[in-house]
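Colleague: Just dropping this structure here.
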Amino acid sequence: MTRPSRPRRAAALSVLLAVAAAGCGVPAEDVPREVDPPNGVSHAWATETTPAPDPDPGAGNIPERLYFLRDGELVAVTRNVDAQPSTDELVEDLLAGPTDAEQRDGLTSALLGNDIVVGVRLRDGRATVELTAAMDETGRTDQIFAFAQIVCTLTAKPGVTAVSFTRAGQPVGVPRADGSLSEAPATSADYASLLSG
């Protein structure tokens, strides 16, 4: 007995598929149409679902650590960003305040906005933050926390060991956690007693 050739087998298979398709009883249509499920029948495919949200397009794999407040304590928050932030970018993100999700988690800020810092210079491991006059005009009693947020955020960046503050290029004394005022460079250790847990 000889085997049928490949072309013959392919032709036979095509005929069988055509017969099977014709026998299913559903005529082909040129234009798709919506089909309503039968009454009283509940299927997963008949239920309208909301698609899952796309992942945050801005989320990257480089950690950015910022310090905010919760219940009178400094809290470290890590966000994922696309590129290593500069000292200026860190301060900008800090001044922008907690995100909506972070606020829902109880986080707040003692910093009143982005008009209190002119810029940040980094030299030999020391960040120098140039302040505007607005820092003196806040009328807030929690300036210790405001400076603590800036110092702890900047010193969390690799390569930054201390933070000095100036106004119009002149050194400014800033409060430490113990209430003392000093023009010396500040470190996170100066605010350790304010840190959560």
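Readers should treat all values here as calculations from the given coordinates under stated rules, not as data from a laboratory. Values in this document were obtained by computation on a predicted structure and should not be read as measured data. As a convention, Cβ positions derive from the backbone with ideal geometry for all residues, glycine included, and neighbour counts pool all protein chains shown.
Colleague: Quick one: what Rg and Dmax do you get for segment 142-185 from the alpha carbons, in Å?
Modeller: Looking at segment 142-185, its Cα Rg and Dmax stand at 10.5, 28 Å.
Colleague: Report the full-extension gain for the segment D105 to N61: residue separation times 0.36 nm, less the Cα-Cα distance, to one decimal in nm.
Modeller: Numbers: separation 44, 0.36 × 44 = 15.84 nm, distance 2.22 nm.
Full extension from D105 to N61 adds 13.6 nm.
Colleague: Let me ask you something else. Long-range amide H contacts for V117: which residues qualify at under 5 Å (H placed 1.01 Å from N, peptide plane, sequence gap of 5 or more or a different chain)?
Modeller: For V117, whose amide H was placed from the backbone, the distant partners under 5 Å are T132.
Colleague: To continue, here is another question. Pull up all non-local amide H partners of G60: gap of 5 or more, or a different chain, and H-to-H distance under 5 Å with H placed in the peptide plane.
Modeller: Distant-sequence amide H within range of G60: N80, V81, D82.
Colleague: Rounded to the nearest 20 Debye, what is the dipole magnitude of segment 62-194 about its Cα centre when Lys and Arg each give +1 and Asp and Glu each give -1 at the C-beta?
Modeller: For segment 62-194, the charge dipole is close to 300 debye.
Colleague: For segment 191-197, take each phi angle, set θ = phi - 60°, evaluate the Karplus expression 6.51 cos²θ - 1.76 cosθ + 1.60, and give the result in whole Hz per residue in order, putting x for glycine and proline.
Modeller: Computed from phi, the couplings for segment 191-197 are 10, 4, 5, 8, 6, 5, x Hz.
Colleague: Roughly speaking, what is the stretch gain from D71 to E130, that is 0.36 nm per residue apart minus the C-alpha to C-alpha distance, in nm to one decimal? List each step's numbers first, then the result.
Modeller: Numbers: separation 59, 0.36 × 59 = 21.24 nm, distance 2.86 nm.
Result: 18.4 nm gained on full extension.
Colleague: Taking every eigenvalue of the Cα gyration tensor of segment 62-194, multiplying by 5 and rooting it, what semi-axes result, largest first, whole Å?
Modeller: 20, 18, 14
Colleague: Treat the count of other C-beta atoms within 10 Å as a stand-in for reagent exposure and order T166, T128, T78 from fewest to most. Please report the intermediate quantities before stating the final value.
Modeller: Numbers: T166 15, T128 18, T78 9.
By the 10 Å Cβ count, ascending, the order reads T78, T166, T128.
Colleague: Could you compute the FRET efficiency for A83 and D178, with r as their C-beta to C-beta distance and R0 at 45 Å, rounded to 0.05?
Modeller: Values: r = 37 Å, r/R0 = 0.82.
Efficiency at R0 = 45 Å is approximately 0.75.
Colleague: Give me E92, E102 ranked fewest to most by other Cβ atoms within 10 Å of their Cβ, as a rough exposure proxy.
Modeller: Ascending Cβ contact count within 10 Å gives the list E92, E102.
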